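For reference, the structure discussed in these notes is given below.
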Amino acid sequence: MADSSELQVDHNSLVPLHTQLQRQLRNFIFSGKWAPGTRLPSENQLHRNLNISRSTVRQAFSDARHEGLIERIPGRGTFVAEIAPEGRQKRLIAFIISDFESEREWELLKGVEATASSNECHVVFYNTRHSCREERRVLGQLSAQNISGALLWSCVDARDGNGSGSYDDISLPPMVMMDRDSPALTGDVVTSDNYGGASLALCHLLALGHRNIVCVTHEMAGLTTVAERIQGYCEALQATCGTEGNVWAMPTGAELSTEEALKLCNDPDSPPMRFLMERLLEERPTAVFAINDLVALLILRAAQALNFRVPDDLSVVGFDNVEFSALMATPLTTVAQDFHTIGRRSFEMLLERMDGISVAPRTVRIPVVLRERDTTAKLADHQDLIDCRV
């Protein structure tokens, strides 16, 4: 019988529990970990071990049966089915991500799966949970699992030693990096136009009359996505106002996760929140460009604690357009990324590599758009809109 302890679900993930379970069943079967004829754990076992409802288990089993992955034999149980030869010939694609905590990861995966299904590929999901050590472990086992290609959202985490180190000792399949590149890898990258997005945000604020605009980031400014946004901010400010950028790096110790950002919002005495409140009081900027929406969330909370009115006293622009940005008490003006297209284009480029294309590593930048909402406003004493020259 298959070992039920090998199956795990994340109760905090946006991915439905039955979908998580069904994907793991698929992964274990197509990787050969569970051979045809292997008996699956019962519904009751999975209900108890995974702390999920029986209806969730039944839904996962039903989806797997419709795929032809498993079969139920009355009076005996549920077993791994004999997969048709053409099914076994489908290529396995590893989808490796640092966490699955927001709509952006879901959109990435949907973009990948929509293309994979029409190209005779199965997607195998891996979650490294913001751990570079786990990323190394996952990458190291791909060849043993017959993975034909990999899509990687790389983990760069100061808590893990500021990066993954070298992967020269690991045999890797063709790979495309999503959203950001990795200091340990060289290859194709599909990302957003981070520089252009920052320029859009700055042009919006400058056109509203703001000049004292700061950029707030977490401590992982070495991430290529963050570095490009900071560059776009600095060059837009220099081109239009002739002034240097003012970048605040919060003492977060790492790239923020959604869970960490929400905890910090409820802890005004935490170092990041104290840092923001002290700097806002000391420098009194009229506008802030936040490196992402989670940072923007902390800025809005710090402004609230200081009784600053948004947008009357302080305008704020984020980056990402995560699902909660439009649902805040004051909906957030932000730069929206197209994660579905990033996922789809990443898979298309991976197919080219798997089919033998041999060209220098490529970087594709997907366009972004500014979503104007309620956290930005015209500076009170500003009369004429300016021409933003970037």
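The values are calculated or read from the model by the stated rules, or taken from the named source; none is laboratory data. Computed from a predicted structure; not experimentally measured. With ideal geometry, Cβ positions are generated from the backbone for all residues, glycine too; neighbour counts draw on all protein chains shown.
Answer yes or no as to whether residue 287 is surrounded by fewer than 19 Cβ atoms within 10 Å (Cβ to Cβ) and assigned by TED's automatic domain parsing to the domain that holds residue 315. Spelling it out, it is not the case that residue 287 is surrounded by fewer than 19 Cβ atoms within 10 Å (Cβ to Cβ) and assigned by TED's automatic domain parsing to the domain that holds residue 315.
The sole residue among 52, 83 that is outside any helix (DSSP H, G or I), outside the structural domain of residue 262 (by TED's automatic domain parsing), modelled with pLDDT under 90 and aliphatic (A, V, I, L, M) is 83.
Would you pick out the residues in segment 200-253 that are on the phi > 0 side of the Ramachandran plot and either assigned to a strand (DSSP E or B) or crowded, with 17+ Cβ neighbours inside 10 Å (or both)?
In the first step, residues of segment 200-253 are kept if they are on the phi > 0 side of the Ramachandran plot; the result is 209, 242, 253.
Answer for segment 200-253, where residues must be on the phi > 0 side of the Ramachandran plot and either assigned to a strand (DSSP E or B) or crowded, with 17+ Cβ neighbours inside 10 Å (or both): just 209.
For segment 224-259, what are the residues that are modelled with pLDDT of 90 or more and among the charged types (D, E, K, R)? Those that are modelled with pLDDT of 90 or more and among the charged types (D, E, K, R): 228, 229, 235, 244.
Restricting to segment 329-366, name every residue that is more than 26 Å from residue 175 (Cα to Cα) and surrounded by fewer than 17 Cβ atoms within 10 Å (Cβ to Cβ). Within segment 329-366, 329, 330, 331 qualify.
Taking segment 167-199 only, how many residues are assigned to a loop (DSSP other than H, G, I, E, B) and aromatic (Phe, Trp, Tyr)?
Restricting attention to segment 167-199, the residues satisfying the condition of being assigned to a loop (DSSP other than H, G, I, E, B) are 167-174, 179-187, 193.
With the extra rule that they be aromatic (Phe, Trp, Tyr), the set shrinks to 167.
Total satisfying the criteria: 1.
Here is the figure for segment 267-318: residues that are more than 27 Å from the chain's Cα centre (by Cα) and either closer than 25 Å to residue 337 by Cβ or not in a helix (DSSP H, G or I) (or both) total 13. Of the candidates 35, 60, the single residue that is over 30 Å from residue 349 (Cβ atoms) and either under 32 Å from the mean Cα position of the chain (by Cα) or crowded, with 18+ Cβ neighbours inside 10 Å (or both) is 60.
Considering segment 99-153, and only residues there that are within 26 Å of residue 324 (Cβ to Cβ) and among the small types (Gly, Ala, Ser), the residue that is modelled with the lowest pLDDT turns out to be 102. Checking each residue in segment 178-208 for being over 21 Å from the mean Cα position of the chain (by Cα) and over 30 Å from residue 243 (Cα atoms) picks out no residue at all. Pairing residues of segment 240-252 that are over 15 Å from residue 273 (Cβ atoms) with residues that are part of a loop (DSSP other than H, G, I, E, B), at Cβ distances under 6 Å and at least 6 apart in sequence or on separate chains, gives 240/388; 240/389; 241/211.
Here's the yes/no breakdown for (1) part of a helix (DSSP H, G or I); (2) under 14 Å from the mean Cα position of the chain (by Cα); (3) at positive phi; (4) without any contact (Cβ under 8 Å) to a residue 12 or more places away in the chain:
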site: 112; (1), (2), (3), (4): yes, yes, no, no
site: 117; (1), (2), (3), (4): yes, no, no, yes
site: 123; (1), (2), (3), (4): no, no, no, no
site: 126; (1), (2), (3), (4): no, yes, no, no
site: 130; (1), (2), (3), (4): no, yes, yes, no
site: 134; (1), (2), (3), (4): yes, no, no, no
site: 139; (1), (2), (3), (4): yes, no, no, no
site: 148; (1), (2), (3), (4): no, no, no, no
site: 151; (1), (2), (3), (4): no, yes, no, no
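Scanning segment 301-312 for residues that are in contact (Cβ under 8 Å) with a residue 12 or more places away in the chain, touching a helix residue (DSSP H, G or I) at 6+ places or on another chain (Cβ under 9 Å) and surrounded by fewer than 24 Cβ atoms within 10 Å (Cβ to Cβ) returns 301, 303, 305, 306, 308, 310.
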